[in-house]
Amino acid sequence: MTDVVAKPLRPADWVAGFALLILCQLAGETLVQILRLIVPAFAFPGPVIGMLLLVGLLALMGDRARPVIASADGLLGILSLLFVPSAVGIMQHGELIRAWGGPLLLAVVASTALTLVVTVGVFILTERWMSR
């Protein structure tokens with residue numbers, strides 16, 4: 001039996017992986033906009049449809065998905081940089097935060113607690129359903 005060592009990725013592989021990530025999101029957004037033309041009341045986030053497309057593509061790609069996975073890992077490594085603009089916005093709008101900070105904090109805490117309760121409930125129901 002031979003050990004198969006994965007060859008290192010080239011920069012073009014990283015770019016191709018990143019391009020696939022962006023194209024999936026673009027396809028999801030485009031699909032939502034087309035559906036809104038047909039059904040104006042349609043409300044579903046395009047990035048979620050893009051992620052579903054990406055999951056399907058990754059399942060089809062199998063071992064060839066290494067560039068996409070490497071690109072996604074690279075993006076996750078610098079994720080904290082993506083929060084800098086929102087932090088700057090908070091600093092620039094300190095007066096609004098002082099005026100609306102209490103209600104905003106209450107909304108965030110309440111929605112987080114509600115999400116946790118619903119998630120636990122769904123997990124328990126799914127676990128009971130699967131054990132039958």
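The values are calculated or read from the model by the stated rules, or taken from the named source; none is laboratory data. If you're wondering where the values come from, they're calculated on a predicted model, not measured in any experiment. Ligands, DNA and RNA are excluded from the accessible area calculation, which covers all protein heavy atoms including side chains. Shrake-Rupley method; radii C 1.70, N 1.55, O 1.52, S 1.80 Å.
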Report, in degrees rounded to the nearest 10, the 0 to 90 angle that the Cα long axis of helix 94-131 makes with the longest principal axis of the chain.
60
Potential lengthening between ALA43 and ALA19 on full extension [0.36 nm per residue; Cα-Cα distance subtracted]:
6.0 nm
Taking every pair of alpha-carbon atoms in the stretch 1-77, give the share separated by more than 19 Å as a whole percent.
46
Might you tell me the accessible area per residue for the stretch 1-77, computed with a 1.4 Å probe and given in Å²?
75
Calculate the tail of P(r) for the stretch 62-132: the fraction of all Cα-Cα distances greater than 22 Å, expressed in %.
61
Considering only protein heavy atoms, what per residue accessible area in square angstrom results for the stretch 93-132 with a 1.4 angstrom probe?
94
Please report Rg (one decimal) and Dmax (integer) in Å for the Cα set of the chain.
20.9, 68
Dimensionless Rg/Rh of the stretch 93-132 - Kirkwood Rh, Rg from C-alpha atoms
1.39
At a 1.4 Å probe radius, carbon and sulfur cover how many percent of the accessible area of the chain?
76
Solvent-accessible area of SER71 with every protein chain in place, 1.4 Å probe, in Å² to the nearest 10:
10
Would you mind calculating the relative contact order of the chain from Cα pairs under 8 angstrom and at least 6 residues apart, reporting the percent as a whole number?
24
